[in-house]
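**Q** This is the structure, below, for whatever I ask next.
The values are calculated or read from the model by the stated rules, or taken from the named source; none is laboratory data. Predicted, not measured: the structure shown is a model, and the values here were computed from it. Heads up, the Cβs are rebuilt from the backbone with ideal geometry, glycines too, and the neighbour counts pull from every protein chain shown. These area figures cover heavy atoms from the full protein model, side chains too; ligands, DNA and RNA do not enter into them. Shrake-Rupley method; radii C 1.70, N 1.55, O 1.52, S 1.80 Å.
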Amino acid sequence: MPKITFTLDPQNRISQLDPRLFGSFIEHLGRAVYTGIYEPEHPQATKEGFRQDVIELVKELGVTTVRYPGGNYVSGFNWRDGIGPQADRPVRLDYAWISKETNQFGIDEFARWCEKTGVEPMIAVNLGTGTPQEAGYFAEYCNHEGGTTLSDLRIQHGRKNPYNFRLWCLGNEMDGPWQTGQMNAREYAHKARETAKILRCVDPDVELVACGSSSAQMTTFPEWDRVVLEELYDYVDYISCHQYYENEGSETDFLASFVNMDNFIETIVSTANYAKALRRSDKNMMISFDEWNVWYLRGDPWDAPFKDKNNRFPVAPPLLEDKYSFLDALVVGGLLCSLLNHADRVKMASLAQLVNVIAPIFTEEGKGAIRQTIFWPFEMVASVARGCVLQHHLPVPTFSSKYGEARMVQSAVIHNPEQKELIIFALNCDFSQSWALDINLAAFGRTRVREHSVLRSDDLYAKNTFDQPERVKPESIPHNGTIELPPLSWSRIIIAIE
Ligand code: AHR
């Protein structure tokens, strides 16, 4: 078995890790909300109508933030439709997903769900059909103490204390032709700047995210980002990145998706640094990678409702319900390493999405919920990765991919001095052989391997189903002196510092 010999040193830090890197996303789309997180008729529903089984799985997954209510949905969303007595709420057409929105779940329900689940809300405002003024009213309803019509309305609806939501996204994917109210970069920057001024006036403690490119494949990338960053540099704290990956026929290319994510992040960092220099600013713009995942975009019949003339605008139709394979989980593992290794600039990220819609958690209406394969790499990282990300170099060969040369083993290393542990995550992309890690840990004193868990399978296309919900799940490897990364596997190694 070939060896990878390398050294780790606690002084070689990339950055302190922000736990907001382990965020996710719930959109009013398909069955994410209705029969996903909210199902009052479900046998395990809480008194508020939330699915308790799903709350437990979200906690287990280790999610820290949840972006809401979209996504494309937000660009036609009117926050006022989802407040007050549920019986009085209007039913609307959703232009993004050609569905009917009953508004039985709105901002107050979402805030309560977040409190119960222990996650931080990340709220998106409508900059498609919406206005800066309406965004301000929305923030006033949510974050103002009381004594104004809108904040008193919140109190009347049962919530005395303001929610004090910190994270606000200034629209969603406004560069996309599919977006309701698409704009060019200057138009967007102007609208986003005026919205930012109002939001900061309503609540000076908000943290604001500007829309970056919807993907690195956009023809306007990275010019969109340059213009938006130049115009908004002093007004926002983060620029967003969105990117989805799918297996287009070559498993090798698909495994190398992390190369594309690395390049995307590094391009946005360079663009942001250029805008910083132009502005003569001393602030570093941070990245919110607030949509990332595997998504079989080509195969998803999300436009089916357009075609069914007899049933246009169904309520909560099953949309984007991708069933993930073991190979998809490996790719997600590689992408997680890429996010961790850029923790100096990527401070937040959202796995898109959380339940039913391209999601790690999958439910059946009235019945159970399962962990999809991609649940596992995320859980294996989010449940333990706290502390500092360390720089390291694995001397491994590369393989060619459509994204460029990719390391055979993609990895990330975390040092958690409080827990006295080192954690190594590693994706072995080698189809045929194991690689052994031979690590020089002299700088840490006495150490011992406490745990090595691995996700592996004989079948790259194995999936978890309701009949076989645990077909793909991590297993513990007994430590016999060698840290072995099996072929095509995702590993977590925890080393105790004694
Ligand atoms: O996550 C699904 C969709 O992907 C989101 O609504 C949109 O922002 C992106 O294009």
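**Q** Using the per-residue mean of other Cβ atoms lying within 10 Å as a proxy for protection, in what order, highest first, do the peptides 243-250, 404-411, 391-398 fall? Don't jump to the answer; show the numbers that get you there.
**A** Values: 243-250: 15.8, 404-411: 19.9, 391-398: 13.6.
Peptide ranking by packing, descending: 404-411, 243-250, 391-398.
**Q** Hey, another quick one. For the range 102-216, what class follows from the C-alpha gyration tensor (a ≥ b ≥ c being the square roots of its eigenvalues): rounded when a/c is under 1.5, otherwise prolate if a/b is larger than b/c, else oblate?
**A** On the way: a/c = 2.01, a/b = 1.62, b/c = 1.24.
It comes out prolate by the Cα gyration axes.
**Q** Okay, moving on. If you rank I107, I198 by how much accessible surface each has, with a 1.4 Å probe, what is the order from largest down?
**A** If we order I107, I198 from most to least accessible, we get I198, I107.
**Q** Between the range 394-432 and the range 178-233, what is the separation of their alpha carbon centroids in Å?
**A** About 33 Å separates the Cα centre of the range 394-432 from the one of the range 178-233.
**Q** With a Förster radius of 25 Å, plug the Cβ-Cβ distance of E365 and L153 into 1/(1 + (r/R0)^6) and report the FRET value to the nearest 0.05.
**A** It comes to 0.15.
**Q** Oh, and also: GluC sites (Glu not before Pro), restricted to the range 94-186: which are DSSP loop and have at most 16 other Cβ atoms within 10 Å?
**A** Passing sites in the range 94-186 are E145.
**Q** Do any trypsin sites (Lys or Arg not before Pro) in the range 439-498 lie in a loop, going by DSSP, with at most 10 other beta-carbon atoms within 10 Å of their beta carbon, and if so which?
**A** Details: sites: R446, R448, R450, R456, K463, R471, R492; in loops: R446, R456, R471.
Taking the range 439-498 and a limit of 10 other Cβ atoms within 10 Å, the loop trypsin sites (Lys or Arg not before Pro) found are R446.
**Q** Hey, for a label at S476 modelled as a point 7 Å past Cα toward Cβ, could you say which residues of the range 443-460 have their backbone N under 18 Å away?
**A** What the label zone holds, given the 18 Å backbone N cut-off, is 448-456.
**Q** Still on this structure, please answer the following. Using 17 Å as the cut-off for backbone N distance, which residues of the range 467-484 belong to the label zone defined by a point 7 Å from the Cα of D438 along Cα→Cβ?
**A** Under cut-off, by backbone N: 480-484.
**Q** State in Å² the accessible area per residue of the chain; use a 1.4 Å probe, count heavy atoms of protein chains only, and round to the nearest integer.
**A** Heavy-atom accessible area per residue stands at 38 Å².
**Q** Through the Karplus equation 6.51 cos²θ - 1.76 cosθ + 1.60, θ set to phi - 60°, convert the phi angles of the range 448-463 into ³J(HN,Hα) values in whole Hz; use x for Gly and Pro.
**A** Whole-Hz 3J(HN,Hα) from phi for the range 448-463: 8, 6, 8, 7, 10, 10, 9, 9, 8, 7, 6, 10, 4, 9, 5, 10.
**Q** Angle between the Cα long axis of helix 52-61 and the longest principal axis of the chain, 0 to 90 degrees, nearest 10?
**A** 40 degrees
**Q** Given H placed on each backbone N at 1.01 Å, which residues far from Y38 in sequence or on other chains put an amide H within less than 5 Å of it?
**A** Counting only residues 5 or more places away or on other chains, the set is R51.
**Q** Is the shape of the range 18-386 rounded, prolate or oblate, going by the alpha carbon gyration tensor and its root eigenvalues a ≥ b ≥ c, with a/c under 1.5 for rounded and a/b larger than b/c for prolate?
**A** It is rounded, given that a/c, with a ≥ b ≥ c, falls under 1.5.
**Q** Continuing with the same structure: In the range 399-486, which chymotrypsin sites (Phe, Trp or Tyr not before Pro) fall in coil by DSSP and have 15 or fewer other Cβ atoms within 10 Å?
**A** Those that pass, being in a loop and sparsely packed, are F431, Y461, F466.
**Q** Among 220-226, 273-279, 353-359, what's the highest-first ranking by average C-beta atoms within 10 angstrom per residue?
**A** Top of the packing list down: 353-359, 220-226, 273-279.
**Q** Also, I was wondering about something else. Pull out the extension gain between D344 and H393, defined as 0.36 nm times the separation in residues minus the alpha carbon to alpha carbon distance; nm, one decimal.
**A** Values: separation 49, 0.36 × 49 = 17.64 nm, distance 1.70 nm.
Working it through step by step, the gained length comes to 15.9 nm.
**Q** Using only Cα atoms, find the angle between the long axis of helix 132-143 and the longest principal axis of the chain, and express it within 0 to 90 degrees, rounded to the nearest 10.
**A** The angle comes out at about 80 degrees.
**Q** Convert each backbone phi in the range 483-498 into a coupling constant with the Karplus relation 6.51 cos²θ - 1.76 cosθ + 1.60 (shift: θ = phi - 60°), then list the ³J(HN,Hα) values in order as whole Hz, x for Gly and Pro.
**A** Couplings: 8, 9, 9, x, x, 6, 8, 10, 10, 10, 10, 10, 10, 7, 9, 9 Hz.
**Q** Any idea of D308's accessible area? Nearest 10 Å², probe 1.4 Å.
**A** Answer for D308: close to 70 Å² accessible.
**Q** Sticking with this structure for a sec: In the structure displayed, which of K59/K463; K116/K473; K367/K473; K309/K402; K3/K59; K402/K463 lie more than 31 Å apart, Cα to Cα?
**A** K309/K402; K3/K59
**Q** Using only Cα atoms, find the angle between the long axis of helix 185-202 and the longest principal axis of the chain, and express it within 0 to 90 degrees, rounded to the nearest 10.
**A** 80 degrees
**Q** Right, something else. With every protein chain kept in the model, how would you rank E266, E291 by accessible area, 1.4 Å probe, largest at the top?
**A** Numbers: E266 85, E291 10 Å².
Descending accessible area places them as E266, E291.
**Q** Where the accessible area of the chain is counted over protein heavy atoms with a 1.4 Å probe, how much of it, in %, is carbon and sulfur?
**A** Reported share for carbon and sulfur atoms: 48 percent.
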